[in-house]
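Heads up: the structure comes next, in structure tokens.
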Amino acid sequence: MRRSLVVGNWKMNGTLASAELLVKGIIAGLGDNKADIAVCVPYVHLPKVSELVENTALAVGAQNVADKLSGAFTGEVSAAMLTEFNCKYALVGHSERRSYYGDTDETVAARFCQAQEQNITPVLCVGETLEQREQDETFSIIDAQLNAVINLAGIAAFGAAVIAYEPVWAIGTGKTATDEQAQEVHQYIRKYIAAKDQAIADKIQILYGGSAKPDNAKGLFAMPDIDGGLIGGASLDAESFLKIYHSI
Ligand code: 13P
């Protein structure tokens, strides 16, 4: 039986003061440790947040990680740097990185590998745009996004990774995928991996992201191949984020 996981992606929001309040609010409401939970925070909030979550069940992660080890890469943050703040996770290939900052399947795969080199669990974000869905390209887009990692790191790399299916058309739009739409793609992803390694497919956590809210999380999480969520907007409010977590 897979353990569930709920990850908050704060994106570029908040101040140090609001980050502290939010983290304290989440920690206060964690309750029993029935599922994994983490927040992926802006880099500059990592020192504070990693200190606050120490000895709690809340893990901390980054929203991206460099595709290189170190050197002259202005503006990038390496995986080794993230380990100094106890980052357990790093998002890679979020659609906002892919569409606004030029991340490609190949650079995302390199980021994925850099995270793993430092024992940080990469959360590989995949998903199609509305146009791609309408052109019936959803599965081929997902194939390409997964294959870039498989080609670089091999299928075994998914033994220490998380996948987040985030249909681009559902992110920040209030338009959630239906439980069935999400399940269809999650099942596809799991079968795709199973064809290469059944044990890894059985074990890997596949999260849904895209306008997940307290009122729709329960239905999504009840689907057999949905192991939790990657939550944007609703993770900025401790009460909403905890409601989602507790609906596991
Ligand atoms: P929303 O939950 O705000 O739609 O964002 C989802 C997301 O992009 C999480 O990474």
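Of note:
- Residue check for residue 211: among the polar types (S, T, N, Q), under 23 Å from residue 39 (Cβ atoms) and assigned to a helix (DSSP H, G or I): no
- Of all the residues in region 210-245, those that are under 14 Å from residue 5 (Cβ atoms) and not hydrophobic (A, V, I, L, M, F, W, C) number 6.
- Those residues of region 104-140 which are in contact with a Lys or Arg (Cβ under 8 Å, 6 or more places away or on another chain) and surrounded by fewer than 18 Cβ atoms within 10 Å (Cβ to Cβ), in sequence order: 104
- Of all positions in region 79-86, at least one carries a residue that is over 27 Å from residue 126 (Cα atoms), open to solvent by 50 Å² or more (accessible area, probe 1.4 Å) and not aromatic (Phe, Trp, Tyr).
- Elements of type helices (runs of 4 or more DSSP H) contained in region 47-127, each with 3 or more residues being touching a Leu at 6+ places or on another chain (Cβ under 8 Å) and of a type outside the set (Gly, Ala, Ser): 105-117
- Pair list, Cβ < 7 Å and 6+ apart or interchain, from region 6-17 residues that are under 18 Å from residue 164 (Cβ atoms) to residues that are of a type in the set (Gly, Ala, Ser) and part of a strand (DSSP E or B): 6/228; 6/229; 7/38; 7/61
- Residue ID - surrounded by the fewest Cβ atoms within 10 Å (Cβ to Cβ), chosen from residues in region 203-214 that are touching a residue at least 40 places away in the same chain (Cβ under 8 Å) and more than 10 Å from the ligand (Cβ to nearest atom): 203
- Checking each residue in region 215-225 for being away from the ligand (no atom under 12 Å from the Cβ) and crowded, with 24+ Cβ neighbours inside 10 Å picks out no residue at all.
- Qualifying residue in region 52-65 (condition: among the polar types (S, T, N, Q), open to solvent by 10 Å² or more (accessible area, probe 1.4 Å), within 22 Å of residue 213 (Cα to Cα) and more than 16 Å from the ligand (Cβ to nearest atom)): no
- The residues of region 116-140 that are in contact with a strand residue (DSSP E or B) (Cβ under 7 Å, 6 or more places away or on another chain) and more than 16 Å from the ligand (Cβ to nearest atom), listed by number, are 116, 120.
- Answer residue from region 141-187, given it is part of a loop (DSSP other than H, G, I, E, B) and crowded, with 18+ Cβ neighbours inside 10 Å and is farthest from the ligand (Cβ to nearest atom) among those: 161
- Checking 12, 1 one by one, the residue that is assigned to a loop (DSSP other than H, G, I, E, B), within 13 Å of the ligand (Cβ to nearest atom) and among the aliphatic types (A, V, I, L, M) is 12 and no other.
The values are calculated or read from the model by the stated rules, or taken from the named source; none is laboratory data. On a predicted model such as this, the values are computed, not experimentally measured, just so you know. Glycine also receives a Cβ, built like all others from the backbone with ideal geometry; neighbour counts cover every protein chain displayed. For the accessible areas, the whole protein counts, side chains as well, though only heavy atoms, and no ligand, DNA or RNA atoms are used. Shrake-Rupley method; radii C 1.70, N 1.55, O 1.52, S 1.80 Å.
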